[in-house]
Amino acid sequence: MLKPPFDPRSIKPGEFEYLTRRKLEGGEVLVWRRKGEELSGFVLLCPHCGKESQGEAELRRRPYRVRCPSCNRSISLPRFKK
């Protein structure tokens, strides 16, 4: 399980505009955006290269996508299953 660069137990209500953890086929991604910030942070276990990395991305429209800093492949965040 990926660890965020902040303590999840210290999150205050309304601190984040967006916060999600998604399972990927062969990987995982954790994405967040704090209120008032334009860029979203992410921690990624890349399903293509298998490396764990982190970075920032500008998420404008769905489906949201992040790019692996290690292999430069684009990864789409899947929708939640109903």
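Collect residues whose amide H, placed 1.01 Å from N in the peptide plane, falls under 5 Å from the amide H of L59; neighbours closer than 5 in sequence don't count.
S40
Can you pull out the GluC sites (Glu not before Pro) in the stretch 10-82 whose DSSP state is coil and whose Cβ has at most 14 other Cβ atoms within 10 Å?
Values: sites: E15, E17, E25, E28, E37, E38, E52, E56, E58; in loops: E15, E25, E37, E38, E58.
Passing sites in the stretch 10-82 are E15, E25, E37, E38, E58.
Rounded to the nearest 20 debye, what is the charge dipole size of the chain about its Cα centre when +1 sits on each Lys and Arg Cβ and -1 on each Asp and Glu Cβ? Please list the in-between numbers first.
Working: 19 positive and 10 negative charges, 89 e Å.
Once rounded to the nearest 20, the dipole reads 420 debye.
Using the Cα centre of the chain as origin and beta-carbon charges of +1 (Lys, Arg) and -1 (Asp, Glu), tell me which of Q54, C68, T20 is placed farthest towards the positive end of the dipole.
My answer, from the dipole projection, is T20.
Among the trypsin sites (Lys or Arg not before Pro) within the stretch 1-62, which fall in a DSSP loop and have no more than 15 other Cβ atoms within 10 Å of their own Cβ?
Numbers: sites: R9, R21, R22, K23, R33, R34, K35, K51, R60, R61; in loops: K35, K51, R60, R61.
Those that pass, being in a loop and sparsely packed, are K35, K51, R60, R61.
Around L2, with a cut-off of 11 angstrom between Cβ atoms, what is the net charge of the other residues, counting Lys and Arg +1 and Asp and Glu -1? Mind dumping the intermediate values first?
Working: positive: K3, R21, R22, K23; negative: E28, E52.
Residues near L2 contribute +2 overall.
Would you mind ranking I75, I11 by Cβ crowding within 10 Å, fewest neighbours first? Don't skip to the answer; put the middle values down first.
Values: I75 20, I11 13.
The fewest-first ordering by Cβ neighbours comes to I11, I75.
Rule-based calculations on the coordinates, nothing more; no lab input. Keep in mind that this is a model prediction, so the values were computed, not measured. Positions of Cβ are generated from backbone atoms using ideal geometry, with glycine treated the same way; all protein chains shown enter the neighbour counts.
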